[in-house]
Every structure is written in C-alpha cells, then in structure tokens.
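The block underneath contains the structure these notes are about, expressed in structure tokens.
The values are calculated or read from the model by the stated rules, or taken from the named source; none is laboratory data. From a predicted model like this one, the values you see are computed outputs, not experimental measurements. Glycine also receives a Cβ, built like all others from the backbone with ideal geometry; neighbour counts cover every protein chain displayed.
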C-alpha cells in the first residue's frame, strides 16, 4: 500500500483491506555496538512507526525484525520495551545454518582483510533476509510477498513486505490471545 492509497482509505475511498500487512527488517550488522546503535534504533523505529500508523488507519499490520546474534537481539528487546512495541514487532533470532555461519565468517574475514565493512553488511543483509523469510513463512500461512516498491507502505524498500488476505487476526490478538 502506498501513502496515496492510505490517504484514500482515510478519506473513505476504495474498498477496505480485509487482510494483514506483514513488514520485515533484516538488521545487516552482526553487532549493535556504538558504531551501529543509532542505525539499529533507526531501523527499529521506522518499522514500528509504519506498523503503528497502519494500525491507526484501521489496517492490520505486524512486523518482524531479524538479527544475526544474541547481543543484537537483546538490544532490540530493550528498544521494544522502551518504545512499547512488543505487540507490533516480533524479534527473529534463530540459530543460523552452518552454511550461513560459514558465509558470515568468510565475509567478516574479507571485510577485515580489505578494510571494507560493506562486504560484511551485504552478506549480513542476505542472511538476515533469508532467516526473515523462513520465519515469516512459518508464522504467517498464506502470506504473499509484495516485491514492487510502489506497493510497499510509505515508499520504503522493506527487506520483506507481504500481505495475508482475508485475515481476521490482529498482531495484538496473536501476542495476547483472549480466552473468550
């Protein structure tokens, strides 16, 4: 959904979307130290804002934030607590496949050898995106990935953007199920 579509929906134009938006961010850095702390917070806040704004517009939305190491996962948990975003964002951290760990290690060595941190960032984003897609496929049956930038919310090229059509479940219901 583009921002113009959101504006049309706010104005009551067009048919209401009955599904759920799924947005994902793959944090490409293997650490959240001082060099990447602001970037981590920026990525997290951009995702959280988009999800909250879609919800404000009456849309269902849920997000996934993929990280590569437990230290980064812990930093994202602190951000989620600080910004009260646990109902909107699921932090994705799972053990990497052996092939992914090997690629990450090789990229880290290459980046150090050539003094080129971009090599590690590219591989980190690829691995984080793969982990993100696996988790979303597992958690969101029926999700359809959106790949065209003009259909992505707010003109942001998300690492993952998808929709689940005809879904009646909200992120809050999923994280805080009602007994009755």
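Numerical summary
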read-out: Extreme residue, modelled with the lowest pLDDT, among residues of the range 155-166 that are assigned to a loop (DSSP other than H, G, I, E, B) and surrounded by fewer than 12 Cβ atoms within 10 Å (Cβ to Cβ); value: 166
read-out: Residue, modelled with the lowest pLDDT, within the range 20-30, restricted to residues that are within 15 Å of the chain's Cα centre (by Cα) and under 25 Å from residue 120 (Cβ atoms); value: 29
read-out: Filter result (out of contact with any strand residue (DSSP E or B) (no Cβ under 6 Å at 6 or more places or on another chain) and closer than 19 Å to residue 90 by Cα) within the range 137-149; value: 137, 138, 139, 141
read-out: Residue in the range 58-66 that is touching a residue at least 24 places away in the same chain (Cβ under 8 Å) and exposed (fewer than 14 other Cβ atoms within 10 Å of the Cβ) present; value: yes
read-out: Given (1) part of a loop (DSSP other than H, G, I, E, B); (2) touching a residue at least 12 places away in the same chain (Cβ under 8 Å), index of the condition residue 43 fails; value: (1)
read-out: Single residue of 132, 120 found to be outside any loop (DSSP other than H, G, I, E, B), in contact (Cβ under 8 Å) with a residue 60 or more places away in the chain, within 18 Å of residue 69 (Cα to Cα) and in contact with a helix residue (DSSP H, G or I) (Cβ under 6 Å, 6 or more places away or on another chain); value: 120
read-out: Top-ranked residue of the range 17-30 - restricted to ones that are assigned to a loop (DSSP other than H, G, I, E, B) and touching a helix residue (DSSP H, G or I) at 6+ places or on another chain (Cβ under 7 Å), ranked as surrounded by the most Cβ atoms within 10 Å (Cβ to Cβ); value: 27
read-out: Residue among 101, 152, 86 that alone is touching a strand residue (DSSP E or B) at 6+ places or on another chain (Cβ under 7 Å) and modelled with pLDDT under 95; value: 152
read-out: From 65, 17, residue being closer than 19 Å to residue 132 by Cα and either more than 17 Å from the chain's Cα centre (by Cα) or modelled with pLDDT of 90 or more (or both); value: 65
read-out: Only one of 143, 92 that is surrounded by 13 or more Cβ atoms within 10 Å (Cβ to Cβ) and farther than 18 Å from residue 70 by Cα; value: 143
read-out: Matching residues, the range 31-52, being at pLDDT below 95 and in contact with a helix residue (DSSP H, G or I) (Cβ under 6 Å, 6 or more places away or on another chain); value: 32
